[in-house]
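Have a look at the structure below, then the notes.
Bear in mind these aren't lab numbers, they're just calculated from the coordinates by the rules spelled out. In this text the structure is predicted, and so the values were computed from the model without any measurement. Please note: Cβ atoms are built from the backbone with ideal geometry, for glycine as well, and neighbour counts cover all protein chains shown.
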Amino acid sequence: MSAETELVGLIGHPVEHSLSPVMHNAAFEEKGLDYVYLAFDVPPDSLKEAVLGARALGIVGLNVTIPHKVAVMDLCDELDRDAELIGAVNTLRFSEGSIEGYNTDGEGFLRALREEAGFEPKGAKCVVLGAGGAARAVVFKLGDEGASEIVIANRTPEKAVKLAEEVSERLGVEAKGTGLDKETLEEELRDADLLVDATPVGMYPNVDEPPLVTADMMHPDLIVNDLVYNPPKTRLLEEAEKAGATPVSGVGMLVHQGALAFEIWTGEEAPVDVMRRAVLEALGRDRC
């Protein structure tokens, strides 16, 4: 580090378990860029001061995580289309005094699916488990990219119905919300092309938690994407393998949303393989 070093980072609460510093600093080293990425624990009542302070200090940009993704929108001068559509910001860039807000979650999710499973959403039937922030990014991206039908299944069906109505109204896509009962899920998965688990089920340390969908509910042509990345292979993905379906780990979305942020800040192509390797090494060393 020197007086010339550019600073980027993460704001959230908490942030101590984030893999973003490991991932981004590996990328900067690979590209020979004089940048450093730090994590900042910012409680909700300090969000405005933190963002305006970062701009004043000449920080290039920030990633934004829970619980700030929605609240930070009010501090942005400009929003990209995905941020407006999803209603959340996960990346900031400070540019000539203005604060630009981006959402790379949806595009990162889709890039991972394209790369690892050759999936294209146009005309696809997609079943999404969960109705929180991650599910919201996923369903709006799938709808925006031409999915023919989206089924949102959630423990609280009312939340799923509300999200389905919103995506249907805003994008004109066929969407419906339902509960998580096995009979309904079996029926919906019978002709589905994609299953996305956007819940924390099976996430470390609860790695033995039973998955919401089991092998007997899947078919071999199904792509199964678990957004949990710790562990990289969840029990849901093990069930997908048993069924002959295509498993996709949450590591890909983590890496690709980070790669998009890297490109927004630096203007250079992200070293995706280096970023993925850094994440997997950190998971193997510290987490699982």
remark   = Exposure proxy check on LYS176, LYS69, LYS122, LYS182: fewest-to-most Cβ neighbours within 10 Å is LYS122, LYS182, LYS176, LYS69
task = With a 10 Å radius around each residue's Cβ, average the other Cβ atoms per peptide and rank 133-143, 151-161, highest first.
result = 133-143, 151-161
ask   = Toward the positive end of the charge dipole of the chain, about the Cα centre and with charges on Cβ (Lys, Arg +1; Asp, Glu -1), which of VAL173, HIS17, GLY130 goes farthest?
value = HIS17
query = Computed FRET efficiency, Cβ-Cβ of ARG170 and ASP77, R0 22 Å: what is it to the nearest 0.05?
reply = 0.40
remark   = Summed over the other residues with a beta carbon less than 10 angstrom from that of GLY133, with K and R at +1 and D and E at -1, the charge totals +1
Estimated FRET transfer efficiency when R0 is 22 angstrom, pair ILE66-ARG114 (beta carbons, to 0.05) = 0.25
Too-long pairs where the Cα-Cα distance tops 21 Å, listed order kept, from LYS125/LYS182; LYS122/LYS233; LYS125/LYS162; LYS69/LYS233; LYS122/LYS176 = LYS122/LYS233; LYS69/LYS233
inquiry  = How many angstrom lie between the Cα centre of the range 23-92 and the Cα centre of the range 99-156?
reply    = 22 Å
remark   = Only helices counted: for the chain, with every DSSP H run of 4 or more residues adding -39500 (n - 2.57) and the sum spread over all residues, [θ] at 222 nm is -12000 deg cm²/dmol
key: Label-point separation, GLU29 to GLU187 (7 Å along Cα→Cβ), nm   = 5.4 nm
note = Phi-derived 3J(HN,Hα) across the range 11-19 with the Karplus relation (6.51, -1.76, 1.60, θ = phi - 60°), rounded Hz, x for Gly and Pro, is 10, x, 7, x, 9, 5, 9, 5, 8
inquiry  = At a 10 Å Cβ-Cβ cut-off, how would you order LEU92, LEU19, fewest neighbours first?
reply    = LEU19, LEU92
message = Using Cβ counts within 10 Å as a stand-in for footprinting exposure, how do CYS76, CYS126 rank, fewest first?
response = CYS76, CYS126
